[in-house]
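Colleague: Pasting a structure below so you can have a look.
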Amino acid sequence: MSTIVEHQVEQNGVRVMDTQCPFCSVQCKMQIIEERGAGESRPSYQVIPKPNAASEGRLCIKGMNAYQHVLTGERIEYPLLKKDGRFERVSWEEAYEAIVRRFTQLRSLYGQHSIGLYGGGSLTNESAYLLGKFARVGLRTKYIDYNGRFCMSAAASAGVKVFGMDRGLTNPLSDIERADCIILAGTNIAECQPTLMPYFTRAKEKGAFLIAIDPRETGTTRMADLHLRVRPGMDATLANGMLKVLLEEGLTDEAFIQNRTEGFAELKEHLDSLELAEIAELSGVPEGLIRKAAFAYGKASTGMIFTARGVEQQTDGHMAVRNFLNLILLTGKIGRPGCGYGAVTGQGNGQGGREHGQKADQLPGYRLIENPEDRAYVAGVWGIDPAELPGKGVSAYEMMQKVHEQEIRALFVMGSNPIVSNPNANFVEEGLKKLDFLVIADFLMSETAQLADLILPATAYLENTGTMTNLEGRVLLREASRPASGEAKHDWQILCDLASRLDRAAFFPFADAEEIFEELRLASRGGTADYYGITYDRLRQEEGVYWPCPEPGHPGAERLFEESFPLASRKAYLTPVENHLPKELISPDYPLFLTTGRVLTQYLTGVQTRRSPALAARDVESFVEIHPSTARKYRLEEGTLVAVASRRGEIYVRCRFSSDIREDTVFVPMHWGDTQNVNKITLDALDPTCRMPGFKVCAVHVTPFLLNEMA
Ligand SMILES: Nc1nc2c(c(=O)[nH]1)N[C@H]1C(S)=C(S)[C@@H](COP(=O)(O)OP(=O)(O)OC[C@H]3O[C@@H](n4cnc5c(=O)[nH]c(N)nc54)[C@H](O)[C@@H]3O)O[C@H]1N2
Ligand SMILES: Nc1nc2c(c(=O)[nH]1)N[C@H]1C(S)=C(S)[C@@H](COP(=O)(O)OP(=O)(O)OC[C@H]3O[C@@H](n4cnc5c(=O)[nH]c(N)nc54)[C@H](O)[C@@H]3O)O[C@H]1N2
Ligand code: SF4
Ligand SMILES: [Mo]
């Protein structure tokens with residue numbers, strides 16, 4: 001068992017903390033040095049990047065400043081209970097007593113499924129695993145899901161269907177520079193995983209041809225040799241165009257298709273029925289450029305395709321990803337050095353968070369809650385009768401619908417800010433206000449926490465030991481480097497404490513994170529995401545271990561699918577994908593497409609980065625990016641406040657001109673709340689397979705804000 005003391009050195013007022021950035025999926029390692037000078041009231045901080053395999057010793061601006069939101073005094077340090085509309089400090093005992101009383105009451109009135117749990121991809125593997133177990137064993141509710149539904153579900157479900165397995169990258173990052181052609185589809189690595197950029201620039205230096213697919217210009221598209229400015233939501237169609245060219249020009253790998261795939265005949269028949277001219281028209285990408293991209297990828301001897309939320313956060317996200325996987329399979333570019341696929345994972349533990357049972361239909365190790373063998377196995381590890389396990393619940397946004405319908409009466413949120421991150425946020429906020437009891441575990445006051453009946457103070461990354469699985473599927477140990485702030489408790493500790501007060505203590509006997517990991521190893525054993533061979537000791541000695549790692553002596557799987565795919569036939573599936581249109585189209589009233597995403601300095605709903613003075617100063621507020629000729633058409637001036645409205649609501653942001661965005665499209669980032677919360681206007685239509693919301697397209701109009709006209 002490790003103690004905090006081993007990972008911090010405190011001497012003469014200097015504390016050295018070895019840790020890992022809490023933000024994105026690269027999980028860069030760093031050292032934070034806190035120095036308390038004699039006579040100075042505040043300590044000063046120095047941040048030093050630490051070499052590790054993924055980041056190679058780099059840190060981006062968010063990592064450099066990630067100590068700020070944790071240490072600058074805005075933490076929630078005590079349980080806060082709302083009394084007569086105001087939060088009052090209470091003891092943990094009072095907080096737990098309130099939860100047990102309310103949950104017990106609601107369960108006896110409305111049944112065990114009246115309580116919902118909502119987790120997140122920032123939680124450690126240990127806490128995510130325990131949240132899933134707490135839902136099924138502690139409360140026996142079927143309603144649990146997590147924010148990763150909005151993040152990873154399209155790529156994850158596509159990977160499972162096509163390859164039989166979902167792991168962010170099928171290859172180690174070092175394979176990138178071995179690729180001759182790289183397609184970056186709806187991924188803005190320059191701003192979202194900045195420390196990975198050198199992998200791509202090195203590939204370029206070695207002669208790789210880079211293709212970026214994005215409706216607007218970003219730091220990532222600027223690096224590309226070819227930028228396809230796709231119309232939002234039309235990636236599947238664009239991929240159909242490339243597939244058609246590959247087939248017609250004989251740029252396919254017939255031996256690979258024959259030996260390692262199924263479904264070619266149907267795909268060919270489908271592609272034969274499509275017209276390239278129509279594809280160009282629908283996708284907004286000229287035929288010549290579609291051909292150029294197909295030739296570059298088809299002719300290259302090695303190549304990798306990366307997709308992220310631009311392709312995936314669509315109402316056809318699942319099928320759109322599958323069409324990019326079709327490109328990979330038709331050209332046989334997988335399972336070799338420099339050949340593979342990457343769903344660029346988002347949150348710090350976006351990968352691990354989706355493997356161990358936070359998802360409505362899953363049990364640890366990617367086992368399925370509806371599969372009798374999987375249920376029996378996990379029930380065996382947990383020491384319960386499989387019949388006691390609830391069935392599958394519903395996806396994150398559908399839980400919000402159940403909250404609205406008052407089928408869910410109490411909600412327990414750990415590691416998310418749903419009223420800013422869910423689509424159609426006004427609806428979500430109304431629903432949360434109807435709840436009988438809303439509990440939030442967080443370390444900062446979020447927009448959602450403001451609505452809560454009870455806030456539980458959680459520890460932050462510097463204080464909380466646990467494992468995180470990065471975008472490569474590499475499991476990393478992050479050890480606590482300072483004591484908890486105030487009375488904060490670890491997420492997993494809160495769950496254990498609650499379970500014991502609900503008379504389920506026997507199932508939650510954990511004294512530290514490592515003990516939970518030991519159970520997780522067993523629960524995931526033999527599953528797809530098999531962690532059995534990984535231990536804390538190994539993680540300390542090695543730099544991290546890739547899953548699947550079925551035995552303690554196993555090195556962990558760096559590159560997947562070299563010999564076969566983990567499906568019954570051992571072959572991957574090719575699938576025809578239709579030219580799908582977004583669920584909401586532009587009209588005379590709403591003549592512009594809105595797409596949403598991120599900027600370099602801010603992270604997700606901004607709860608953390610807006611509290612970091614150095615980051616907040618760089619982007620103090622939201623904005624709408626718009627083409628100058630579009631702006632002229634709607635009488636908008638650069639830098640002025642404008643109203644962006646959809647059929648669901650309106651937000652107020654400043655106008656920022658960019659001649660590199662499509663003229664029919666505007667872009668607003670997702671990092672601000674209240675009147676700048678872009679999700680007040682996004683559409684809540686979901687992908688039919690993975691239930692991903694179509695965050696990346698809806699129809700809006702943009703008008704000058706009244707105050708400007710008066711000025
Ligand atoms: N700075 C920063 N970094 C982050 C995060 C953050 O909030 N801030 N969040 C982390 C998380 S959780 C995630 S999920 C990842 C997200 O990482 P990304 O998916 O790379 O980020 P986004 O900005 O959401 O979307 C990527 C790009 O998709 C484009 N796009 C929009 N619509 C479409 C479309 O229809 N088709 C195509 N092809 N492209 C489109 C956008 O213009 C944008 O440039 O980043 C992680 N890293
Ligand atoms: N329009 C639009 N909406 C989007 C997206 C988009 O591209 N466009 N992207 C979607 C994506 S990809 C994502 S991942 C979601 C994310 O959306 P959210 O889940 O809302 O993400 P965060 O802003 O990270 O909120 C996390 C909250 O948990 C807290 N927190 C962080 N770490 C911990 C921890 O270890 N324990 C506890 N208890 N609390 C913690 C933070 O302080 C913060 O308040 O947003 C989605 N929403
Ligand atoms: S935000 Fe991502 S790239 Fe930047 S330092 Fe943190 S983990 Fe690394
Ligand atoms: Mo995400």
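Colleague: For the range 306-350, give me each residue that is within 12 Å of ligand 2 (Cβ to nearest atom) and outside any helix (DSSP H, G or I).
Modeller: 308, 313, 314, 343, 344, 345, 346, 347, 348, 349, 350
Colleague: I've got another one for you. Please go through the range 425-448 and pick out each residue that is surrounded by fewer than 24 Cβ atoms within 10 Å (Cβ to Cβ), away from ligand 1 (no atom under 16 Å from the Cβ) and not in a strand (DSSP E or B).
Modeller: Those that are surrounded by fewer than 24 Cβ atoms within 10 Å (Cβ to Cβ), away from ligand 1 (no atom under 16 Å from the Cβ) and not in a strand (DSSP E or B): 426, 427, 429, 430, 431, 432, 433, 434, 435, 436, 445.
Colleague: Scan the range 79-113 residue by residue and report those that are open to solvent by 70 Å² or more (accessible area, probe 1.4 Å) and assigned to a loop (DSSP other than H, G, I, E, B).
Modeller: Hit for the range 79-113 is 84, nothing else.
Colleague: When you look at residue 207, is it assigned to a helix (DSSP H, G or I) and more than 16 Å from ligand 4 (Cβ to nearest atom), yes or no? Steps first, please.
Modeller: Details: assigned to a helix (DSSP H, G or I): no; more than 16 Å from ligand 4 (Cβ to nearest atom): yes.
Answer is no for this residue.
Colleague: Further question on the same structure: Tell me which residues, restricted to the range 479-506, are open to solvent by less than 10 Å² (accessible area, probe 1.4 Å) and either within 30 Å of residue 165 (Cβ to Cβ) or under 18 Å from the mean Cα position of the chain (by Cα) (or both).
Modeller: Once the filter is applied, which keeps residues that are open to solvent by less than 10 Å² (accessible area, probe 1.4 Å) and either within 30 Å of residue 165 (Cβ to Cβ) or under 18 Å from the mean Cα position of the chain (by Cα) (or both), the range 479-506 yields only 495.
Colleague: Could you grab me the full set of residues in the range 382-401 that are over 22 Å from residue 149 (Cβ atoms), assigned to a helix (DSSP H, G or I) and open to solvent by 40 Å² or more (accessible area, probe 1.4 Å)?
Modeller: Those that are over 22 Å from residue 149 (Cβ atoms), assigned to a helix (DSSP H, G or I) and open to solvent by 40 Å² or more (accessible area, probe 1.4 Å): 386, 387, 388.
Colleague: Being outside the structural domain of residue 416 (by TED's automatic domain parsing) and touching a residue at least 60 places away in the same chain (Cβ under 8 Å) narrows it down to one of 130, 169, 139, so name that one. Give the derivation first.
Modeller: Values: 130 fails: outside the structural domain of residue 416 (by TED's automatic domain parsing); 139 fails: outside the structural domain of residue 416 (by TED's automatic domain parsing).
Step by step, each of 130, 169, 139 is checked, and only 169 is outside the structural domain of residue 416 (by TED's automatic domain parsing) and touching a residue at least 60 places away in the same chain (Cβ under 8 Å).
Colleague: Let me ask something additional. Does the range 60-79 contain any residue that is among the hydroxyl-bearing types (Ser, Thr, Tyr) and within 16 Å of ligand 1 (Cβ to nearest atom)?
Modeller: No; the residues of the range 60-79 include none that is among the hydroxyl-bearing types (Ser, Thr, Tyr) and within 16 Å of ligand 1 (Cβ to nearest atom).
Colleague: Moving on. Could you list all residues from the range 517-539 that are part of a loop (DSSP other than H, G, I, E, B) and of a type in the set (Ser, Thr, Tyr)?
Modeller: Within the range 517-539, 528, 531, 532, 535 qualify.
Colleague: Limited to the range 363-381, what total is found for residues that are at positive phi and either open to solvent by 10 Å² or more (accessible area, probe 1.4 Å) or not assigned by TED's automatic domain parsing to the domain that holds residue 449 (or both)?
Modeller: So the count comes out to 1.
Colleague: Follow-up. Exactly one condition in (1) closer than 30 Å to residue 432 by Cβ; (2) within 16 Å of ligand 1 (Cβ to nearest atom); (3) touching a Lys or Arg at 6+ places or on another chain (Cβ under 7 Å) is false for residue 158; which is it?
Modeller: Residue 158 satisfies every listed condition except (1).
Colleague: Now for a separate question. Working only within the range 1-30, note down all residues that are of a type outside the set (A, V, I, L, M), farther than 16 Å from residue 463 by Cβ and modelled with pLDDT of 95 or more.
Modeller: 23, 24, 25, 27, 28, 29
Colleague: Looking at 618, 610, which one is basic (Lys, Arg), in a loop (DSSP other than H, G, I, E, B) and not assigned by TED's automatic domain parsing to the domain that holds residue 228?
Modeller: 618
Colleague: Residues that are among the β-branched types (Val, Ile, Thr), open to solvent by less than 60 Å² (accessible area, probe 1.4 Å) and assigned to a strand (DSSP E or B): does the range 51-63 have at least one?
Modeller: No.
Colleague: Among 384, 419, which is in contact (Cβ under 8 Å) with a residue 24 or more places away in the chain and either closer than 25 Å to residue 315 by Cα or in contact with a Cys (Cβ under 7 Å, 6 or more places away or on another chain) (or both)?
Modeller: Only one candidate passes the filter, namely 419.
Colleague: Select from the range 552-566 the residues that are more than 23 Å from the chain's Cα centre (by Cα), among the small types (Gly, Ala, Ser) and under 21 Å from residue 54 (Cβ atoms) and list them in ascending order.
Modeller: The one that is more than 23 Å from the chain's Cα centre (by Cα), among the small types (Gly, Ala, Ser) and under 21 Å from residue 54 (Cβ atoms): 556.
Colleague: Anything in the range 177-194 that is more than 8 Å from ligand 1 (Cβ to nearest atom) and touching a strand residue (DSSP E or B) at 6+ places or on another chain (Cβ under 7 Å)? List them, or say none. Step through it out loud before you land on a result.
Modeller: Going residue by residue through the range 177-194, those that are more than 8 Å from ligand 1 (Cβ to nearest atom) are 177-184, 190.
The answer is 179, 180, 181, 182, 183, 184.
Colleague: Which residue out of 572, 568 is surrounded by fewer than 22 Cβ atoms within 10 Å (Cβ to Cβ), over 17 Å from residue 694 (Cα atoms) and either free of Cβ contacts under 8 Å to residues at least 12 places away in the same chain or of a type in the set (Gly, Ala, Ser) (or both)?
Modeller: 568
Colleague: Which of the following residues is more than 16 Å from ligand 3 (Cβ to nearest atom), under 29 Å from residue 436 (Cα atoms) and not in a helix (DSSP H, G or I): 116, 121, 148, 138? Steps first, answer last, please.
Modeller: Working: 121 fails: more than 16 Å from ligand 3 (Cβ to nearest atom); 148 fails: not in a helix (DSSP H, G or I); 138 fails: not in a helix (DSSP H, G or I).
One residue alone meets the criteria, 116.
Colleague: Right, here's the next one. Restrict the check to the range 634-653 and report whether at least one residue is assigned to a strand (DSSP E or B), more than 29 Å from the chain's Cα centre (by Cα) and surrounded by fewer than 23 Cβ atoms within 10 Å (Cβ to Cβ). Lay out the reasoning, then the answer.
Modeller: Pass one, the range 634-653, residues assigned to a strand (DSSP E or B): 641-646, 649-653.
After this cut, where a residue has to be more than 29 Å from the chain's Cα centre (by Cα) as well, the list is 641-642.
Next, from what is left, pick out any that are surrounded by fewer than 23 Cβ atoms within 10 Å (Cβ to Cβ): 641.
Yes: one or more hits.
Colleague: Being open to solvent by 30 Å² or more (accessible area, probe 1.4 Å) and either within 14 Å of ligand 1 (Cβ to nearest atom) or at negative phi (or both) is true for just one of 688, 693, 669. Which residue is that?
Modeller: Result: 688 is the single residue among 688, 693, 669 that is open to solvent by 30 Å² or more (accessible area, probe 1.4 Å) and either within 14 Å of ligand 1 (Cβ to nearest atom) or at negative phi (or both).
Colleague: Something else about it: Could you give every pair whose Cβ atoms fall below 9 Å, whose first residue belongs to the range 481-505 and is within 16 Å of residue 141 (Cβ to Cβ), and whose second residue is among the hydroxyl-bearing types (Ser, Thr, Tyr) and open to solvent by 10 Å² or more (accessible area, probe 1.4 Å), counting only separations of at least 6 or pairs across chains?
Modeller: That search, which allows pairs on different chains as well, returns 502/104.
Colleague: For residue 609, work out the one condition from (1) away from ligand 1 (no atom under 11 Å from the Cβ); (2) open to solvent by less than 30 Å² (accessible area, probe 1.4 Å) it doesn't fulfil.
Modeller: Here residue 609 meets the rest and fails (1).
Colleague: Next question. Could you say which residue among 144, 176 is under 28 Å from residue 99 (Cα atoms) and either at pLDDT 95 or above or open to solvent by 10 Å² or more (accessible area, probe 1.4 Å) (or both)?
Modeller: After applying the criteria, what remains is 144.
Colleague: So, one more: From the list 668, 624, pick out the single residue that is assigned to a strand (DSSP E or B), in contact with a Ser or Thr (Cβ under 9 Å, 6 or more places away or on another chain) and under 25 Å from residue 429 (Cβ atoms).
Modeller: On the way: 624 fails: in contact with a Ser or Thr (Cβ under 9 Å, 6 or more places away or on another chain).
Testing whether each residue is assigned to a strand (DSSP E or B), in contact with a Ser or Thr (Cβ under 9 Å, 6 or more places away or on another chain) and under 25 Å from residue 429 (Cβ atoms) leaves just 668.
Colleague: If I filter the range 87-140 down to residues being of a type in the set (Val, Ile, Thr) and touching a strand residue (DSSP E or B) at 6+ places or on another chain (Cβ under 9 Å), which single residue comes out as farthest from residue 398 (Cα to Cα)?
Modeller: The selected residue is 90.
Colleague: Still on this model: Hey, among 649, 694, which residue is in contact with a helix residue (DSSP H, G or I) (Cβ under 6 Å, 6 or more places away or on another chain) and not hydrophobic (A, V, I, L, M, F, W, C)?
Modeller: Matching residue, one of 649, 694: 649.
Colleague: Also, quick follow-up: Just one of the numbered conditions (1) of a type in the set (D, E, K, R); (2) open to solvent by less than 10 Å² (accessible area, probe 1.4 Å); (3) within 16 Å of ligand 3 (Cβ to nearest atom) is not true of residue 309; which one?
Modeller: Every listed condition holds for residue 309 apart from (2).
The values are calculated or read from the model by the stated rules, or taken from the named source; none is laboratory data. Fair warning: this is a prediction, and the values are worked out from it, not measured in the lab. Neighbour counts run over all protein chains shown; Cβ positions are idealised from the backbone, glycine included. All accessible areas refer to the heavy atoms of the entire protein, side chains included, with ligands and DNA or RNA removed. Shrake-Rupley method; radii C 1.70, N 1.55, O 1.52, S 1.80 Å.
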